[in-house]
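These notes concern the structure reproduced below.
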Amino acid sequence: MTVALPKTPSFRLDGKRALVAGASSGIGLACAAALAEAGAHVVMAARGRAKLDEAVEAVRSAGFAAEALTLDVGDVDAMADVLPPLGAFDCLINSAGIARHTPALETTAGDYDAVMATNVRGAYFLSTEIARGMVAAGIKGSIVNVTSQMGHIGGIDRAVYCGSKHAVEGFTKAMAIEFGPHGIRINTLAPTFIRTPLAEQTLANPERRAWVESKIKLGRVGEVEDIMGPAVFLASDASALITGTSLLVDGGWTAG
């Protein structure tokens, strides 16, 4: 008797349209490159056009499909005007975010408002705007908000940042319940310290870097390449039954 083997769902994204916010550098650029390499047509979005154009050209030069979109996720009204004419997307990866690290007792209202406007308010309404397009087009898509291991734990000088990322983890779970009946999945991708310009403030300090490496059980700081496979996984049919959860790419930090 012949055994019928199950077939692994595809990690490919051929024929899919993906929007990657915060795509001009760091984790966002890595996610855009990964999705494009997997076959998606990627709309790469960021606030600064010059740097974004360079990133798009790099993806195109590698033989992949990409285009640029000037977008500030902190400007909710602008998102509502800019995104609908672009049509529906099969996938969103929101890597746009900012950090202003200070001791909690020294946090200013301005710093708090700036972080929350982008990391929480922007992520919330970008998620709903893309989901609205998916529902209207009947697309069973995937939404991925890039948070942080700091969305699961606390960190020194990171009360505002942690608060913002915990908030995204929370609304992602709630949205998963609402979007599920439409076949739309929404998850978070939560990295540890990844070697990017955003993390350089911490990693440039020898004492802080030693502390980081001591907490990461694999003994090394993350590289952007460590995010690329997980991003494709969450965007593709390979994760078809995964929603409302967080994929921690933290080298074991939160395990201990």
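What the table shows:
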read-out: Region 212-236 residues that are under 12 Å from residue 192 (Cβ atoms), paired with ones that are open to solvent by 40 Å² or more (accessible area, probe 1.4 Å) and charged (D, E, K, R) (beta carbon under 6 Å, 6 or more apart); value: 221/195; 223/195
read-out: Residue among 19, 13 that is modelled with pLDDT of 95 or more, open to solvent by less than 70 Å² (accessible area, probe 1.4 Å) and outside any loop (DSSP other than H, G, I, E, B); value: 19
read-out: Residue in region 41-48 that is touching a residue at least 24 places away in the same chain (Cβ under 8 Å), open to solvent by 70 Å² or more (accessible area, probe 1.4 Å) and over 17 Å from the mean Cα position of the chain (by Cα) present; value: no
read-out: Helices (runs of 4 or more DSSP H) wholly inside region 167-256 that include at least 3 residues being surrounded by 14 or more Cβ atoms within 10 Å (Cβ to Cβ); value: 206-215, 225-235
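The values are calculated or read from the model by the stated rules, or taken from the named source; none is laboratory data. Everything numeric in this text was worked out from a predicted model, so none of it was measured. When we count neighbours, we look across all protein chains shown, and the Cβ atoms used for this are built from the backbone with ideal geometry, even at glycine. What goes into the accessible areas is simple: the full protein's heavy atoms, side chains included, and nothing from ligands, DNA or RNA. Shrake-Rupley method; radii C 1.70, N 1.55, O 1.52, S 1.80 Å.
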